[in-house]
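Each reported figure results from applying straightforward, stated rules to the coordinates on display, with no laboratory input. Treat the numbers as computed from the prediction; the structure is a model and nothing was measured. FYI the Cβ positions are ideal-geometry reconstructions off the backbone, even for glycines, and counts take in every protein chain you see.
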Amino acid sequence: MTGSDSGIAWVRIDGSGPHNLLDAGALSALTRILARFVDAPPAAVMLHGGESFSAGADLAELGHMNAEEFAGLLDTELDLYELVERLPCPTVAVVRKWCQGSGAELALACDIRIAGESARFCLPEVAAGFPAPVHRLARLVPPGVATELVLTGRRMGAEEAVKAGLYTQVVPDSELDAAAFRLAERLAVLPSPAAVATTKEWLRQARAGEPFDRDALRARATSIFSDWLDGRR
């Protein structure tokens with residue numbers, strides 16, 4: 001499920017079926033792998049699904065659960081999204097074909113999303129009878145777009161999705177792997193993991209509407225600057 005190249009961790013979603021359904025086993029496996037990077041982060045994490053990123057939850061599995069089991073699965077999902085969002089290193093979703101439901105939520109938890117032209121973004125939870133966790137979507141796209149997507153469950157093509165801000169880049173499917181490698185190479189040479197982790201933390205705070213703490217910013221930036229100076233001597 002994982003591979004490493006030039007300090008980059010390539011993590012493959014290993015779900016069920018041809019479209020990488022995120023069943024309980026796949027969610028737990030991803031969580032175990034990514035949890036290793038909290039204290040020992042690589043230069044970046046590239047999250048991909050091979051031929052298809054992920055079509056989301058396994059409805060057949062859900063149909064055999066009781067309410068308590070469903071709540072446990074939901075906790076596992078939410079913990080995974082938060083883990084991805086809070087990793088100190090850059091995280092990139094490399095999206096081909098399906099990016100749906102919990103698979104879309106996983107992609108939205110990443111810092112950067114690049115997609116092939118075949119990518120289809122969809123949040124079908126409400127259309128299937130479930131409430132949709134939409135706070136990450138609502139931070140990225142205008143309110144009207146978010147509302148229409150979650151209430152209709154329609155599939156959004158890659159070109160429309162990049163214009164809406166869901167993806168940062170769309171390329172032909174045949175060029176997606178090369179584009180992902182080029183991005184990985186740029187991330188691999190970032191000189192200061194501390195600067196990356198700190199900037200990611202500040203971005204999270206800004207998105208959450210937390211008040212600007214000038215003293216904390218100055219202290220953290222000065223500490224990183226001191227490390228930078230030491231490295232030049």
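Once every DSSP H run of n ≥ 4 in the chain is given -39500 (n - 2.57) and the sum is divided by its residues, what mean residue ellipticity at 222 nm do you get, rounded to the nearest 500 deg cm²/dmol? Spell out each step's value before the answer.
On the way: 11 runs with 121 residues, N = 233.
Mean residue ellipticity, 222 nm, calculated: -15500 deg cm²/dmol.
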### Query
Check LEU21: other-chain or 5+ apart residues with amide H under 5 Å from its amide H, H built from backbone geometry?
SER16, ALA55
### Task
Compute the distribution of all C-alpha to C-alpha distances in segment 1-138, in bins of 5 Å from 0, and list the percent of pairs in each, rounded to whole numbers.
2, 10, 21, 25, 21, 13, 5, 2, 0
### Query
Dipole of segment 193-232, Cα-centred, from +1 at each Lys and Arg C-beta and -1 at each Asp and Glu C-beta, to the nearest 20 debye?
140 debye
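Say R0 is 22 Å: what FRET efficiency, to the nearest 0.05, do ARG233 and SER192 get from their beta-carbon distance?
My answer for the efficiency is 0.90.
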### Task
Work out the P(r) tail for the chain: percent of alpha carbon pairs separated by more than 25 Å, whole number.
43 percent
### Query
Which whole-number percentage describes the relative contact order of the chain, with Cα contacts under 8 Å and a sequence gap of 6 or more?
17 percent
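Is the C-alpha gyration tensor of segment 193-232 telling us rounded, prolate or oblate? Criteria: a/c under 1.5 is rounded; beyond that, a/b larger than b/c is prolate, otherwise oblate.
Values: a/c = 5.69, a/b = 1.92, b/c = 2.97.
It is oblate, given that a/c is not under 1.5 and a/b is not larger than b/c.
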#### Entry: Cα-centred dipole magnitude for the chain, charges only on beta-carbon of K, R (+1) and D, E (-1), debye, nearest 20
860 debye
### Task
Take ASP215, ASP23, ASP177 and order them by how many other Cβ atoms sit within 10 Å, fewest up front.
ASP215, ASP177, ASP23
